[in-house]
1. Tell me, yes or no, whether region 46-55 has at least one residue that is open to solvent by less than 40 Å² (accessible area, probe 1.4 Å) and farther than 26 Å from PHE393 by Cα.
2. Looking at LYS352, is it among the basic types (Lys, Arg), touching a helix residue (DSSP H, G or I) at 6+ places or on another chain (Cβ under 9 Å) and without any contact (Cβ under 8 Å) to a residue 40 or more places away in the chain?
3. Tell me which of these PHE259 doesn't satisfy, since it passes every other one: (1) more than 23 Å from the chain's Cα centre (by Cα); (2) open to solvent by 50 Å² or more (accessible area, probe 1.4 Å).
4. Might you check whether a residue that is part of a helix (DSSP H, G or I), under 25 Å from GLU361 (Cβ atoms) and basic (Lys, Arg) occurs anywhere in region 209-225?
5. Just name the residue that is farthest from GLY176 (Cα to Cα) out of those in region 262-298 that are β-branched (Val, Ile, Thr) and open to solvent by 50 Å² or more (accessible area, probe 1.4 Å).
6. Where residues in region 100-118 are free of Cβ contacts under 8 Å to residues at least 40 places away in the same chain and more than 20 Å from ILE61 (Cα to Cα), which of them is most open to solvent (accessible area, probe 1.4 Å)?
7. Given PHE244, PHE323, which one is assigned to a helix (DSSP H, G or I), open to solvent by less than 10 Å² (accessible area, probe 1.4 Å) and over 11 Å from THR334 (Cβ atoms)?
8. Looking at the structure I just gave you, is LEU75 closer than 26 Å to PHE33 by Cβ and either open to solvent by 10 Å² or more (accessible area, probe 1.4 Å) or hydroxyl-bearing (Ser, Thr, Tyr) (or both)?
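The values are calculated or read from the model by the stated rules, or taken from the named source; none is laboratory data. As the structure is a prediction and not an experimental result, all values here were calculated from the model. In this analysis, Cβ positions are derived from the backbone assuming ideal geometry, glycine residues included, and neighbour counts consider all displayed protein chains. Heavy atoms of the whole protein, side chains included, go into the accessibility calculation; ligands, DNA and RNA do not. Shrake-Rupley method; radii C 1.70, N 1.55, O 1.52, S 1.80 Å.
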Amino acid sequence: MAARSWIQRWDPEDETFWSREGGEKVARRNLAFSVLSEHIGFSIWTLWSVMVLFMGPEYGIDPAGKFFLVSMATLVGAVARVPYTFAVARFGGRNWTILAASLLLIPTAAAFVVMEPGTSYTTFMVCALLTGVGGGNFASSMTNINSFFPLRKKGWALGLNAGGGNIGVPVVQLAGLAVIGASGGPRVLLGIYLPLIVVSAVCAALFMDNLATVKNDTGAAKEAVRDPHTWIMSFLYIGTFGSFIGYSFAFGLVLQTQFGRTPLQAASITFIGPLLGSLVRPVGGRLADRFGGARITLWNFVAMAAATAVVVLASSQKSPALFTTAFIALFVLTGLGNGSTYKMIPGIFHAKAVVKGLTGEEAAAYGRRLSGASMGLIGAVGALGGLGINLAFRQSFQTAGTGTAAFVGFLVFYAVCFALTWAVYLRRPAAAQAPVRAAESEPRLGYAEV
């Protein structure tokens, strides 16, 4: 790669560097083309949420088999996030974005070749597994953009980056709707995405940069793995992003299986939830910047539980209108929660730096180091929530012919997430116990603002 693509000095916390020396302009440019690549990655990752709508009786695959197909795409996408996180420091953000974007050609071309009746279920499974590489793009993109922006801008920047990527889900579903409406086959949809993948790779090569200051820190990775906050945030991210990606894969299938919707009817509704959830993600980040990510996350889980309760009611009463409305509201709330939980990550580790007595750039560097190391793992574990959701739907439909039992399980999970957020990040120790707690463990001071 060209030497000019490597930036040797990067100090976004320095206001002069950021505002007067062009740091903000460079960061925004990299953000824009990171969003493009991640957007296409999400579209390819969730491709089979659309493909299964094309797969009528002539394909010989029952609803349980379809849920299992999309589950496998979710699984690979989650696992891929771990190596993708470390690839940015190893190869450079620009260089890795070029490669990651180019890899998307493999699952898209493979699906283009095999998508027809008579193809074996195993072949479809392999193609669905291959699309998981698109899920890895999120981790490398977020790790890269996290390094470009100062702490005070991370909620907005990470929310915009993730939200722009998440919009790839409703866009591929909208494209699928257009193809179905025009009586086109699935190969038409795949043919649209092949050149778009090439465009995203070329744009990354022309307009993005590598930061020489970003290094893989095995010590930071080990420290992040040992830190309980990494696993707590992973659990909360299952509740927010895991719900978003799981519902994105499953929404159309649930409408088809439980309410008897045709492919065109399902596709005409499926995209709305992921679209609104994606658009609102930067809002969640912005609200977290202003009011504290823990507070927004806490009350967001309350709202998610309430929306899920309405979904359970609508499912049990077989009311498609109420079910669809409540499900779309649930999508919106997953988007808000995505933004607020991801904002919490750098804030938590910055607060830990302050507790350790660090200040200024030293504290900011510690926060970047630990948050960067933890983001890939948190993103990977969170994405596994999508796998759990689709497997829960598969089991629920197999045993009861309805998704009601699965939704009851999700409701309980959101209640646990609420309790965990409150207990760890918002509960204040009793005044009499505060000195003891401060001496025996890390103070909670500052976590409510993360």
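1. Looking through region 46-55, none of the residues is open to solvent by less than 40 Å² (accessible area, probe 1.4 Å) and farther than 26 Å from PHE393 by Cα.
2. no
3. It fails just one condition, (2).
4. yes
5. So the first thing to find is which residues in region 262-298 are β-branched (Val, Ile, Thr), and the list is 262, 269-270, 272, 280, 283, 296-297.
Remaining after also requiring open to solvent by 50 Å² or more (accessible area, probe 1.4 Å): 262, 272, 283.
On the way: THR262: 13, ILE272: 13, VAL283: 27 Å.
My answer is VAL283.
6. Among those that are free of Cβ contacts under 8 Å to residues at least 40 places away in the same chain and more than 20 Å from ILE61 (Cα to Cα), it is ILE106.
7. On the way: PHE244 fails: over 11 Å from THR334 (Cβ atoms).
Only one candidate passes the filter, namely PHE323.
8. no
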